[in-house]
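In what follows, a structure is listed as structure tokens, so that the remarks can point back to it.
The values are calculated or read from the model by the stated rules, or taken from the named source; none is laboratory data. Values in this document were obtained by computation on a predicted structure and should not be read as measured data. As a convention, Cβ positions derive from the backbone with ideal geometry for all residues, glycine included, and neighbour counts pool all protein chains shown.
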Amino acid sequence: MNQKSDLSHIVLFVTCCFSLCGCTNQISAQPADTSSLIPAQQLKKIEAAVPTKATVAPKRPRKLLVFSLCKSYVHTSIPYGKKAIEAMAKKTGAFEPVFSDDISMFEPDKLKQFDAVFLNNNSGELFLPKDMNSLPPRQQHLANMRNQQLQKSLQDFVASGKGLAGIHCAVWCFYTWPEYANIIGAVWVSHPWHEKVGIKLDDPDHPLCAAFAGSGFDITDEIYVFTEPYSRDSVRVLFSLDMTRTPSKEKFKGKRSDNDYAQCWVKKYGKGRVFYSAFGHDHDIFWNKAVLQHWLDGIQFALGDLPADTTPK
């Protein structure tokens, strides 16, 4: 058997093994279907707050993979994110969302149908089974092979010129995959603030900050702190904590000596576009009109429709 044929058989065998052992979901795409998990009054607030018009007309029909799988901490705001994205797409026509928690969607032949991936508060090693350590050695080996295959697929997807957008916990997944940190732009360290904080616009004229009309603002949410590879030399920071309007925290894990607590940025990865916004823990974030408009603009940027400068500054 030649090398190419041998590799094909290995990939097929791995895929079959995972299907048999239930390591992937059987349904690849699913509706948002979050209404039963969100109080009716809050559903109305989300529906009323989402933008009604796309900032720019799509250059062509766009398709967005909305992925919400968690292998670690599960945010209760995940259904809110699904509903907001669903309502946003329906009202604006900016993109077609496909909701899935099936890791097989990241296989190259399936992933190529999308223009961008939206990571909705994911956590953990998304491409590995939760019970990895309890699996027999042979299955662990197959799981690791599958994990590497899907990681490469996502990396190649973005680098080739597609998009990646993520909110909040999207920096708290793929812990053991160093290149993912380079793709998304940072590693999560801690969240010492969960109260009203001040936000300053580092780039008030940037198109993805247009929703905030050139002014900083106050917001209440779980606020993240990031470490390397985060650097203003590698990402374009759009907004960050205004420490003059944020409660002082004398000691906390990951405290930065430079007091640089970025909360949103854009960057290039290869030919691709990356957008990250740290908001998204508290439920009421999902009926904040300015934040939803900001996210829509970030998604349209990731999809390739809204031009935006990613040059670090």
Counted residues in region 69-90 being among the hydroxyl-bearing types (Ser, Thr, Tyr) and surrounded by 22 or more Cβ atoms within 10 Å (Cβ to Cβ) come to 2
Can you tell me how many residues within region 145-184 are part of a helix (DSSP H, G or I) and either among the aromatic types (Phe, Trp, Tyr) or without any contact (Cβ under 8 Å) to a residue 12 or more places away in the chain (or both)?
5
Under 7 Å between Cβ atoms, at least 6 apart or on separate chains: pull out the pairs that start in region 82-93 with a residue that is within 12 Å of PHE286 (Cα to Cα) and end on any residue that is β-branched (Val, Ile, Thr) and not in a helix (DSSP H, G or I).
LYS82/THR34; LYS82/VAL66; LYS83/THR34; LYS83/ILE38; ALA84/VAL50; ILE85/VAL66; ALA87/VAL50; MET88/VAL50
Sort out for me the strands (runs of 3 or more DSSP E) sitting completely within region 185-243 that have 2 or more residues that are touching a helix residue (DSSP H, G or I) at 6+ places or on another chain (Cβ under 6 Å) and surrounded by 15 or more Cβ atoms within 10 Å (Cβ to Cβ).
187-201
Top-ranked residue of region 77-129 - restricted to ones that are small (Gly, Ala, Ser), under 23 Å from PRO61 (Cα atoms) and not in a helix (DSSP H, G or I), ranked as modelled with the lowest pLDDT
SER100
Could we say that GLY298 is surrounded by fewer than 17 Cβ atoms within 10 Å (Cβ to Cβ) and touching a residue at least 60 places away in the same chain (Cβ under 8 Å) here?
no
Can you pull out the residues in region 100-125 that are within 15 Å of ILE167 (Cβ to Cβ) and not hydroxyl-bearing (Ser, Thr, Tyr)?
ALA116, VAL117, PHE118, LEU119, ASN120, ASN121, ASN122
Going by the structure shown, is LEU292 touching a helix residue (DSSP H, G or I) at 6+ places or on another chain (Cβ under 9 Å), modelled with pLDDT of 95 or more and buried (at least 23 other Cβ atoms within 10 Å of the Cβ)?
no
